[in-house]
Amino acid sequence: MKLDDIKLMNDIMIKYLKSMGKSTERNEIIKYILEDDDCFQKLSKEDACIILKDVGISNEKINVVYLNLVSTNN
């Protein structure tokens, strides 16, 4: 999974939350963070994993996705 995939998932999550009448504030902040191509290298692992969970990555896959994002240039 690449950074562009995470951005797309976040955009879809924002649309979903809006359609449900729920707050998109967290995901709007995440969208801003994801504008930096090196954001996952700069974030703590804990913060990065919270972002991945908030965009819809399942708990079982968060660690694998995180390691993939920090070990490759996306």
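Within the stretch 1-30, find all residues whose amide N lies under 20 Å from a label point positioned 7 Å from the Cα of GLN41 along Cα-to-beta-carbon.
The answer is 1-7, whose backbone nitrogens lie closer than 20 Å to the label point.
To the nearest 500 deg cm²/dmol, what mean residue ellipticity at 222 nm is calculated for the chain from DSSP H runs of n ≥ 4 alone, each contributing -39,500 (n - 2.57), summed and divided by the residues?
-21000 deg cm²/dmol
Rule-of-thumb check for the chain: C-alpha Rg over 2.2 N^0.38 Å?
Here the answer is 1.04, to two decimals.
Using the Karplus curve 6.51 cos²θ - 1.76 cosθ + 1.60 with θ = phi - 60°, what ³J(HN,Hα) values do you get for each residue of the stretch 9-21, in whole Hz, with x for Gly and Pro?
After applying 6.51 cos²θ - 1.76 cosθ + 1.60, I find 4, 5, 4, 5, 5, 4, 4, 4, 4, 4, 5, 8, x Hz.
In whole percent, and with a 1.4 Å probe on the protein chains, what portion of the accessible area of the chain is carbon and sulfur?
The computed percentage sits at 53.
Quick one: compute the contact order of the chain, relative version, from alpha carbon pairs under 8 angstrom and 6+ residues apart, as a percent.
43 percent
The values are calculated or read from the model by the stated rules, or taken from the named source; none is laboratory data. Computed from a predicted model, the values in this text were never measured in an experiment. Using ideal geometry, Cβ is built from the backbone for each residue, glycine included, and neighbour counts are taken over all protein chains shown. To get the accessible areas, we keep the full protein, side chains included, count just its heavy atoms, and leave off ligands, DNA and RNA. Shrake-Rupley method; radii C 1.70, N 1.55, O 1.52, S 1.80 Å.
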